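The values are calculated or read from the model by the stated rules, or taken from the named source; none is laboratory data. The model shown is predicted, which means the values in this text are computed figures rather than measured ones. All Cβ positions, even for glycine, are placed from backbone atoms using ideal geometry, and neighbour counts span all protein chains on display. Quick note on the areas: whole protein, heavy atoms, side chains included, nothing else; ligands and nucleic acids left out. Shrake-Rupley method; radii C 1.70, N 1.55, O 1.52, S 1.80 Å.
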Amino acid sequence: MNATGSYYRVTALLRRDQRGVLLNAIDQETKDAVTLRQINLSQLTLRERKPYIEHLRADMVEAAQYAHPAVVSPRGVHVEGENAFLVMDPLYDAIALETQSALPILLAADLALQALDVLIQAQTRDNSRRALRMRNFFATQDCRLRIIEFGLDPGDIGDVLGGDRAQAEEASMMTPEHCVGEIEDQKSDQFAIGCLLYRMLTGVFPFHGANYTDTVTRIAKEPHISLIQMRQDVPEKLNEVIDRVLAKKPSSRYESLSAFANALQAFTVKGTMPDVFEETGASIETLSDFSMAKVSAKPKGLEQEMVDEIVRALTQIIGPIAPILVQRARRNVTDRKSLIAQCIEQCEPSDAVRFLALLKPES
């Protein structure tokens with residue numbers, strides 16, 4: 001099937017949302033794998049389309065300069081009829097985080113740390129701020145964060161043309177200072193990542209209204225529901241971190257993105273798995289590299305067939321996030337029994353019995 005004319009051959013539908021579709025494809029000329037993000041241009045008038053596309057192309061040239069493992073690099077814009085397609089490096093089988101409900105605390109914190117690492121590195125390059133949207137965040141099977149459209153605002157019609165044409169989701173990671181027209185900075189990024197982390201931990205955003213305007217109003221004026229009220233197994237320390245970064249006043253947040261990251265890292269190290277970070281000596285500057293190196297290391301003592309069986313069983317219980325959780329768990333175990341025990345921790349008590357029943361008896 002050639003959904004976008006003679007340029008690209010579509011190989012898979014990754015995601016369908018309110019903006020359109022996200023596709024894996026092959027460039028027919030270079031034979032390279034790419035991912036395409038559709039933008040429906042019919043939401044713009046004919047007069048609005050040309051400057052919008054020109055602005056988008058200029059932004060993509062700038063955004064392509066960000067070199068970070070978690071950032072999916074853009075390649076260009078392809079326009080065909082009523083659609084524009086953002087062409088970017090391939091996502092392959094990465095999972096959209098907005099399709100997931102509440103994640104395990106360790107996984108959510110790790111993904112948030114990777115996002116902070118992207119923003120910290122971007123700060124060393126320029127002082128401009130990049131709008132962040134939940135739909136831009138993906139995770140690979142080995143727990144690596146992948147961010148698309150970093151440095152771009154494509155198709156965010158609420159920002160481009162006004163809130164009357166925008167969806168509520170487009171405002172869900174907006175900051176209070178943006179809502180009231182004040183200048184944003186790195187403390188604004190803290191608020192956005194705080195919203196992301198809250199969403200990963202609870203399955204809902206801290207501020208979400210019936211529409212775009214209602215969501216903006218809640219962000220600007222209403223307090224969020226305490227994280228610990230939404231999820232009882234959240235440690236008080238993590239609850240305090242979330243409360244701080246979701247403060248309405250930027251001055252009440254951490255003094256820097258690195259300070260926010262250190263607070264999350266301290267929680268991970270002291271509260272969950274201290275041996276991992278101590279062994280590598282990872283610092284916040286190398287956190288993304290650490291994450292990739294650890295999860296790509298081949299585990300000892302676990303046959304791939306055995307791991308695949310556990311993945312299939314856990315997927316039936318908790319859904320498509322299961323492969324990520326199993327890969328995360330297997331890096332610290334060397335036998336089937338320990339891996340199964342790690343997976344049971346991701347299940348509700350009633351589901352743990354079903355999970356075990358799906359596994360073959362140990363020979």
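Some observations on this one:
- Total residues in segment 85-103, condition touching a strand residue (DSSP E or B) at 6+ places or on another chain (Cβ under 7 Å), among the small types (G, A, S) and surrounded by fewer than 21 Cβ atoms within 10 Å (Cβ to Cβ): 1
- For segment 30-69, the set of residues classified as assigned to a loop (DSSP other than H, G, I, E, B) and in contact with a strand residue (DSSP E or B) (Cβ under 6 Å, 6 or more places away or on another chain) consists of A64 only.
- Residues that are open to solvent by 20 Å² or more (accessible area, probe 1.4 Å), part of a helix (DSSP H, G or I) and closer than 19 Å to P361 by Cβ within segment 309-338 comprise E309, V311, R312, Q316, I317, R336, K337, S338, listed in sequence order.
- Residue match in segment 189-200 (condition: modelled with pLDDT under 95 and part of a loop (DSSP other than H, G, I, E, B)): no
- Subset of segment 40-79 (residues that are β-branched (V, I, T), over 20 Å from G20 (Cα atoms) and either open to solvent by 20 Å² or more (accessible area, probe 1.4 Å) or without any contact (Cβ under 8 Å) to a residue 24 or more places away in the chain (or both)): V61
- Single condition Q186 does not satisfy, out of (1) open to solvent by less than 20 Å² (accessible area, probe 1.4 Å); (2) closer than 16 Å to A112 by Cβ; (3) at pLDDT below 90: (1)
- Test: residue in segment 298-306 that is within 29 Å of T124 (Cβ to Cβ), at pLDDT below 70 and surrounded by fewer than 16 Cβ atoms within 10 Å (Cβ to Cβ): no
- Screening E82 on (1) open to solvent by less than 30 Å² (accessible area, probe 1.4 Å); (2) over 15 Å from F150 (Cβ atoms); (3) charged (D, E, K, R) shows it passes everything except condition (1).
- Matching residues in segment 345-361 - criterion: being open to solvent by 40 Å² or more (accessible area, probe 1.4 Å), under 14 Å from I318 (Cα atoms) and either of a type in the set (G, A, S) or modelled with pLDDT under 85 (or both): E345, Q346, E348, P349, S350, V353, R354
- Scanning segment 171-188 for residues being in contact with a Lys or Arg (Cβ under 7 Å, 6 or more places away or on another chain) and either within 21 Å of S101 (Cα to Cα) or part of a helix (DSSP H, G or I) (or both) gives a total of 4.
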